[in-house]
Amino acid sequence: MILLSSLLDDAGNRLRFQLELEFVQCLANPNYLNFLAQRGYFKDKAFVNYLKYLLYWKEPEYAKYLKYPQCLHMLELLQYEHFRKELVNAQCAKFIDEQQILHWQHYSRKRMRLQQALAEQQQQNNTSGK
Amino acid sequence: MLAISRNQKLLQSGEENQVLELLIHRDGEFQELMKLALNQGKIHHEMQVLEKEVEKRDSDIQQLQKQLKEAEQILATAVYQAKEKLKSIEKARKGAISSEEIIKYAHRISASNAVCAPLTWVPGDPRRPYPTDLEMRSGLLGQMNNPSTNGVNGHLPGDALAAGRLPDVLAPQYPWQASDMAMSMLPPNHSHDFLLEPPGHNKENEDDVEVMSTDSSSSSSDSD
C-alpha cells in the first residue's frame, strides 16, 4: 500500500519519478488523450497545472529516460487549451494516431526505397555487364 | 536788355559763388561717398570670401557627420552580431551533451521500435509508437489502482485509466517504465497542490484526485 506520507521521503520521490515517467509517456497515446478529454480531466485546473509541471521532462537529464520521446511533443501541444478542447473528438484522436503511425513508418519506408533503388541498380549493372 | 543782363550778371556773380561753393561741397560729399562705396565694396568682397569659407566648412562638417553615422551603424551591427554569436555560444555550451550519451539514447529508442517502425510492420500489428493499453495497464501506474492492493487511489490522475480491471502483473515488464538508471533519479521537488495557481509549482490536491479516480472507475478504458 502506498502511504501518502511516503511521498515525502526519498523512496516516495523515486516512486513518484517512475510514476511520472510512465504517465508522461502515456501522453504519447492519442487514444489515451481522447479518453482523458472525454472524461473532462482537461477541464480541471489542477490537471492543467500538473501538465505544466510535467514539462520538466524536456530537460536533457530527464529526457534521456524517455523511451517514447513523441510524448514531449504531445505534452507541449497539451499546454494549449484549444488542443485540449479538440481532443474530445474521436476523429481528432484518430487523425493524430494515423499521422503518428505514418510518421513512425517514415524511416522504414525510406530504407525500403533505398534498398529497392540499390536492387534495381544492381540489376542494371548485371544486365549491362552481360 | 542790357539792364536785364547786368542784373543777371550781378545776380549770377552772387549766385555763382554760392553755386560754386555748393558744387564744391557736393563734390566733396560725392568724393566721400565714393570712398565709402569703395570701402563697402571691399567689405562686401571680404564677406563673400568668408561666406564661401563658411560654406566649405559646413560641407566638411556634414561629410564628417555622414561618415560618423556610417561608422556608428557598422559598429552597431558588428556589436549586435557579436552579441548574437556569444548568445549562441552560451546556448550551445549549455546544451552540450556527450556524443556517447546521445548515441546510447539513439540506440535505446530505435532498438525498441519506439521511433521507427519495425521493418515487418503491417496494419494489424498491435505495436505502436506509443505505449499501448496493455503496456499502460501493466505498468506501475496501472498497478496502483489494482483493487487487490487495497484500493489506494493513487495520487496521480493517470491512475484513473485502469481503475477496476487489472491483470495481476508484478514488476515492470517494459523498459519504458523503469530501468536501473531511473531508480536513482528524482523528480523535481514540488509541494503537492496543483489546484492553486502557479507561479511556482503547487501541491497536488489529493482529495480532488481521489474524486477523479472514482468517477472513471465505471466505464471501460478501451479507447480505440
For this session: Take the stretch B:126-138 and flag every residue that is surrounded by 12 or more Cβ atoms within 10 Å (Cβ to Cβ), without any contact (Cβ under 8 Å) to a residue 60 or more places away in the chain and not basic (Lys, Arg).
Result: B:129, B:130, B:131, B:132, B:134, B:135, B:136, B:138
For this session: Working only within the stretch B:66-105, note down all residues that are of a type in the set (Lys, Arg) and open to solvent by less than 70 Å² (accessible area, probe 1.4 Å).
Result: none
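State the number of residues belonging to the stretch A:38-57 that are under 15 Å from residue A:74 (Cβ atoms) and open to solvent by less than 10 Å² (accessible area, probe 1.4 Å). Spell out how you get there, then give the answer.
The first filter runs over the stretch A:38-57 and keeps only residues under 15 Å from residue A:74 (Cβ atoms), leaving A:41-42, A:47-48, A:50-52, A:54-55, A:57.
Then keep just the ones that are open to solvent by less than 10 Å² (accessible area, probe 1.4 Å); that gives A:41, A:47, A:50-51, A:54, A:57.
Residues in the stretch A:38-57 being under 15 Å from residue A:74 (Cβ atoms) and open to solvent by less than 10 Å² (accessible area, probe 1.4 Å): 6 in total.
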Seminar exercise, completed: Given (1) open to solvent by less than 100 Å² (accessible area, probe 1.4 Å); (2) on the phi < 0 side of the Ramachandran plot, residue B:113 misses just (2)
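Can you find, within the stretch B:133-146, the residue that is modelled with the highest pLDDT among those that are assigned to a loop (DSSP other than H, G, I, E, B) and more than 7 Å from every other protein chain (Cβ to nearest Cβ)? Talk me through it step by step, then tell me what you get.
Start the filter on the stretch B:133-146 by keeping residues that are assigned to a loop (DSSP other than H, G, I, E, B), which leaves B:138-139, B:145-146.
Checking which are more than 7 Å from every other protein chain (Cβ to nearest Cβ) leaves us with B:138, B:145-146.
Working: B:138: 87, B:145: 71, B:146: 63.
Taking the candidates together, the pick is B:138.
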Exercise. In the stretch A:74-130, which residue that is charged (D, E, K, R) and farther than 28 Å from residue B:110 by Cβ is surrounded by the fewest Cβ atoms within 10 Å (Cβ to Cβ)?
Worked result: A:130
Seminar exercise, completed: Inside the stretch A:76-99, the number of residues satisfying the requirement of being in contact with a helix residue (DSSP H, G or I) (Cβ under 7 Å, 6 or more places away or on another chain) and either at pLDDT below 90 or aromatic (Phe, Trp, Tyr) (or both) is 1
For this session: Considering (1) over 24 Å from the mean Cα position of the chain (by Cα); (2) open to solvent by 100 Å² or more (accessible area, probe 1.4 Å); (3) within 14 Å of another protein chain (Cβ to nearest Cβ), say which one residue B:52 fails and leave the rest.
Result: (3)
For this session: Having 3 or more residues that are closer than 22 Å to residue B:134 by Cα and more than 7 Å from every other protein chain (Cβ to nearest Cβ) is the bar; report the helices (runs of 4 or more DSSP H) wholly within the stretch A:1-91 that clear it.
Result: A:30-38, A:70-78
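The values are calculated or read from the model by the stated rules, or taken from the named source; none is laboratory data. A quick note: this is a predicted structure, and the numbers were derived from the prediction, not measured. Positions of Cβ are generated from backbone atoms using ideal geometry, with glycine treated the same way; all protein chains shown enter the neighbour counts. Only protein heavy atoms, including side chains, enter the accessible area calculation; ligands, DNA and RNA are left aside. Shrake-Rupley method; radii C 1.70, N 1.55, O 1.52, S 1.80 Å.
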